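**Student:** Please read through the structure below; I'll follow up with questions.
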């Protein structure tokens with residue numbers, strides 16, 4: 001039983017990381033109808049900003065966190081102006097290619113500035129974790145799970161119960177109509193990119209003490225988060241969370257009971273099953289129904 | 001002006017051919033060129049930086065001593081992106097330059113396997129650091145290894161764990177790439193000779209984010225010692241931390257990756273008390289100490305095998321070309337194979353018929369983050 005509980009805790013922890021990054025995918029998709037393939041690099045850049053502030057400059061952790069988030073807001077804004085805005089009237093394909101280009105640019109710029117060595121970022125807590133009965137609870141994973149819950153709640157409230165959230169949704173559904181209704185579409189999209197960079201950044205900062213800070217840290221998580229987004233239903237907040245958690249649990253249990261070497265395969269096997277039998281994901285509506 | 005199709009084709013052809021024409025028009029440079037395939041990007045980029053540092057230190061030394069065949073030596077590098085296709089592409093770019101006389105390949109066995117067919121076609125010596133024993137048994141006469149292969153590391157890990165530590169029930173953890181698989185196999189074979197048994201043989205994919213299932217499998221296996229072959233330092237450090245968090249405290253004897261500077265930095269206290277086999281150990285010889293002093297002068301990190309094998313490769317290669325008295329690939333090959341008693345940072349090079357230069361390993365112990373030299377075990381076969 002302790003074996004299963006330990007796997008479950010780890011699965012939920014890893015799944016929460018996927019879910020956090022998936023939230024960023026969902027946000028941008030809802031606002032612009034394109035997939036931002038640089039979402040993982042947002043996590044990586046934020047983690048490097050934390051290393052610069054908290055480790056290299058030895059600033060207090062909370063201050064480093066605020067500076068990193070400020071930096072990410074700036075990255076989000078520049079990303080919007082440089083990667084999305086010039087292509088906003090084009091089809092989704094050039095924009096997606098543009099985000100892939102931006103992802104490579106961000107990774108290689110960080111590599112050029114900071115060098116290739118993985119870095120250590122200390123965790124938020126002095127205690128790395130504690131034993132509850134037979135299960136070891138990693139304090140960083142607990143924090144990730146808690147932050148995911150809070151951000152999901154915030155995001156639900158933001159989109160469903162605030163005027164700005166509704167404006168963002170209206171922008172996502174029909175930009176022309178939103179514009180005719182007086183909604184500043186360009187500003188809404190700018191807000192979405194900034195918010196999404198912040199969420200990606202928070203995910204990166206939270207996961208850095210577990211996976212270390214490296215140029216590749218974003219891309220490996222983002223790939224799973226992307227799968228989670230599809231499984232949950234693209235564009236659905238609850239779907240991203242459920243998809244992320246499901247993926248984390250499936251791969252952890254799959255590794256323990258079936259095969260460790262094929263661990264990554266389980267996630268993508270589930271993804272393929274969904275694409276064949278339920279392409280709209282768990283919570284997604286069929287395109288025809290949505291229209 | 002009207003642009004005709006023929007005119008356009010001629011202009012395009014001239015443009016493509018221009019660099020080659022210019023190069024020959026300006027004359028061959030007087031330097032002697034060596035090619036180097038190394039990771040500048042990808043998950044192994046850090047090791048590429050150390051490898052380049054080691055090679056440059058050796059190059060500087062060779063050039064200050066008058067160069068090779070009275071010419072200064074120049075290093076031409078290409079990024080392998082830490083991938084097999086990247087390595088093949090990088091090597092083919094270098095191989096296309098006819099004035100490169102020999103090459104430094106990868107420290108990753110899987111990439112050397114990927115490049116091997118092109119190396120055979122190029123027919124010029126390639127010095128490499130991958131430790132899969134099969135690499136020098138492929139029937140490819142152009143591959144020369146500058147680290148001891150894993151048949152030795154397996155024997156040393158098995159000997160130290162089964163005899164010195166008296167542990168007979170093993171859990172073997174290895175990556176599923178060519179290096180990890182061959183290392184795990186070599187260790188399993190060696191353990192049989194020491195009367196030890198394998199309670200768990202567990203592979204894992206590179207760049208894993210979680211090792212909970214592996215650690216729990218070790219716990220359930222009842223093993224009293226761990227032997228490991230990790231390819232990437234961050235995987236090793238994540239595993240080490242989860243191992244300690246989940247309460248596994250049995251001894252751990254690892255392949256060289258457990259001793260490298262980056263793993264020590266990332267793994268921190270989780271690696272205290274572990275043992276590792278290492279081709280490079282600062283305290284093992286005066287040459288190793290000398291390399292450490294030179295390395296610290298130019299790099300901000302501690303010296304390890306990523307830099308030491310390239311340092312030795314440049315040294316041996318330069319001496320071999322000088323001895324051959326020519327850049328003819330066959331003569332250089334014969335001179336490398338004839339190298340005996342060359343004292344490098346990694347140990348004494350005595351090349352055998354297969355192209356293996358080193359035949360032993362050092363055992364190191366992690367004492368609160370510092371690798372302490374225990375002993376060197378040399379084999380005659």
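The values are calculated or read from the model by the stated rules, or taken from the named source; none is laboratory data. Small disclaimer: the values here were computed from a predicted structure and weren't measured. Every residue, glycine among them, receives a Cβ derived from its backbone with ideal geometry; neighbour counts consider all protein chains shown.
**Student:** For segment A:1-37, name all the residues that are more than 10 Å from the chain's Cα centre (by Cα) and away from chain B (no Cβ under 14 Å).
**Tutor:** So the first thing to find is which residues in segment A:1-37 are more than 10 Å from the chain's Cα centre (by Cα), and the list is A:1-15, A:28-37.
Passing the criteria: A:28, A:29, A:30, A:31, A:32, A:33, A:34, A:35, A:36, A:37.
**Student:** If residue A:49 passes every condition in (1) crowded, with 23+ Cβ neighbours inside 10 Å; (2) within 14 Å of chain B (Cβ to nearest Cβ) but one, which one does it miss?
**Tutor:** Going through the list (1) crowded, with 23+ Cβ neighbours inside 10 Å; (2) within 14 Å of chain B (Cβ to nearest Cβ), residue A:49 breaks only (2).
**Student:** Here are some conditions: (1) part of a helix (DSSP H, G or I); (2) within 14 Å of chain A (Cβ to nearest Cβ). Residue B:203 meets all but one. Which one does it not meet?
**Tutor:** (1) is the only condition that residue B:203 fails.
**Student:** Residue check: is residue B:48 within 14 Å of chain A (Cβ to nearest Cβ), surrounded by fewer than 22 Cβ atoms within 10 Å (Cβ to Cβ) and within 18 Å of the chain's Cα centre (by Cα)?
**Tutor:** Working: within 14 Å of chain A (Cβ to nearest Cβ): yes; surrounded by fewer than 22 Cβ atoms within 10 Å (Cβ to Cβ): no; within 18 Å of the chain's Cα centre (by Cα): yes.
In short, no.
**Student:** Let me ask you something else. Can you tell me how many residues in segment A:69-122 are within 14 Å of chain B (Cβ to nearest Cβ) and either at negative phi or surrounded by 19 or more Cβ atoms within 10 Å (Cβ to Cβ) (or both)?
**Tutor:** The total comes to 19.
**Student:** Quick one: which residue in A:55, A:51 is over 20 Å from residue A:155 (Cβ atoms), in contact with a strand residue (DSSP E or B) (Cβ under 6 Å, 6 or more places away or on another chain) and touching a residue at least 40 places away in the same chain (Cβ under 8 Å)? Let's see the steps before the verdict.
**Tutor:** Values: A:55 fails: in contact with a strand residue (DSSP E or B) (Cβ under 6 Å, 6 or more places away or on another chain).
Only one candidate qualifies: A:51.
**Student:** A follow-up question, please. Would you confirm, using the coordinates I've provided, whether residue A:146 is within 14 Å of chain B (Cβ to nearest Cβ) and out of contact with any helix residue (DSSP H, G or I) (no Cβ under 8 Å at 6 or more places or on another chain)?
**Tutor:** no
**Student:** Return the total of residues in segment B:206-240 being outside any strand (DSSP E or B), within 20 Å of the chain's Cα centre (by Cα) and buried (at least 22 other Cβ atoms within 10 Å of the Cβ).
**Tutor:** Number of matching residues: 8.
**Student:** Can you tell me which residue among A:87, A:63, A:23 is free of Cβ contacts under 8 Å to residues at least 12 places away in the same chain, under 26 Å from residue A:143 (Cα atoms) and in contact with a helix residue (DSSP H, G or I) (Cβ under 9 Å, 6 or more places away or on another chain)?
**Tutor:** Details: A:87 fails: under 26 Å from residue A:143 (Cα atoms); A:23 fails: free of Cβ contacts under 8 Å to residues at least 12 places away in the same chain.
Matching residue, one of A:87, A:63, A:23: A:63.
Yes or no, residue by residue, for (1) assigned by TED's automatic domain parsing to the domain that holds residue B:82; (2) out of contact with any strand residue (DSSP E or B) (no Cβ under 6 Å at 6 or more places or on another chain):
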position	(1), (2)
B:231	no, no
B:234	no, yes
B:258	no, no
B:267	no, yes
B:271	no, no
B:306	yes, yes
B:320	yes, yes
B:326	yes, yes
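**Student:** Exactly one condition in (1) in contact with a strand residue (DSSP E or B) (Cβ under 8 Å, 6 or more places away or on another chain); (2) surrounded by fewer than 12 Cβ atoms within 10 Å (Cβ to Cβ) is false for residue A:157; which is it?
**Tutor:** (1)
**Student:** Using the structure shown, decide if residue B:263 is at pLDDT below 95 and crowded, with 24+ Cβ neighbours inside 10 Å. Outline the logic, then answer.
**Tutor:** Working: at pLDDT below 95: yes; crowded, with 24+ Cβ neighbours inside 10 Å: yes.
In short, yes.
**Student:** Which residue out of A:218, A:239, A:204, A:232 is modelled with pLDDT of 90 or more and under 30 Å from residue A:137 (Cβ atoms)? Lay out the reasoning, then the answer.
**Tutor:** Details: A:218 fails: modelled with pLDDT of 90 or more; A:239 fails: modelled with pLDDT of 90 or more; A:232 fails: modelled with pLDDT of 90 or more.
Step by step, each of A:218, A:239, A:204, A:232 is checked, and only A:204 is modelled with pLDDT of 90 or more and under 30 Å from residue A:137 (Cβ atoms).
**Student:** Scan the strands (runs of 3 or more DSSP E) fully inside segment B:271-380 and keep the ones with 3 or more residues being farther than 16 Å from residue B:145 by Cα and away from chain A (no Cβ under 14 Å). Quick ask: steps written out before the conclusion?
**Tutor:** Working: elements: B:275-278, B:340-343, B:348-350, B:360-367, B:370-378.
Per the criteria, B:275-278, B:360-367, B:370-378.
**Student:** Would you confirm, using the coordinates I've provided, whether residue B:69 is over 22 Å from residue A:115 (Cβ atoms) and modelled with pLDDT under 95?
**Tutor:** Yes: the conditions hold for residue B:69.
**Student:** Residues that are within 14 Å of chain A (Cβ to nearest Cβ), buried (at least 23 other Cβ atoms within 10 Å of the Cβ) and modelled with pLDDT of 90 or more: does segment B:244-258 have at least one?
**Tutor:** Initially, segment B:244-258 is screened for residues within 14 Å of chain A (Cβ to nearest Cβ), giving B:244-249, B:257.
Add one more test, that the residue is buried (at least 23 other Cβ atoms within 10 Å of the Cβ), and what stays is B:257.
This time we only want the ones that are modelled with pLDDT of 90 or more, so: B:257.
Yes.
**Student:** Any residue that is touching a strand residue (DSSP E or B) at 6+ places or on another chain (Cβ under 9 Å), away from chain A (no Cβ under 14 Å), over 30 Å from residue A:213 (Cα atoms) and modelled with pLDDT of 90 or more - is there at least one of those in segment B:9-31?
**Tutor:** yes
**Student:** Of the numbered conditions (1) away from chain A (no Cβ under 14 Å); (2) at pLDDT below 95, residue B:102 satisfies every one except a single condition; which is it?
**Tutor:** Residue B:102 satisfies all of (1) away from chain A (no Cβ under 14 Å); (2) at pLDDT below 95 except (2).
**Student:** Within 30 Å of residue B:265 (Cβ to Cβ) and modelled with pLDDT under 90, is that true of residue A:115?
**Tutor:** yes
**Student:** Could you grab the pairs with beta carbons closer than 8 Å, sequence gap of 6+ or different chains, first residue in segment A:132-143 and assigned to a loop (DSSP other than H, G, I, E, B), second one modelled with pLDDT of 85 or more and buried (at least 17 other Cβ atoms within 10 Å of the Cβ)?
**Tutor:** Note: pairs meeting the criteria are A:134/A:6.
Rundown of residues vs (1) in contact with a helix residue (DSSP H, G or I) (Cβ under 8 Å, 6 or more places away or on another chain); (2) assigned to a loop (DSSP other than H, G, I, E, B); (3) modelled with pLDDT of 95 or more, yes/no style:
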| site | (1), (2), (3) |
| --- | --- |
| B:42 | yes, yes, no |
| B:46 | yes, no, no |
| B:52 | yes, no, yes |
| B:56 | yes, no, yes |
| B:61 | yes, no, no |
| B:77 | yes, no, yes |
| B:82 | yes, yes, no |
| B:90 | no, no, yes |
| B:93 | no, no, yes |
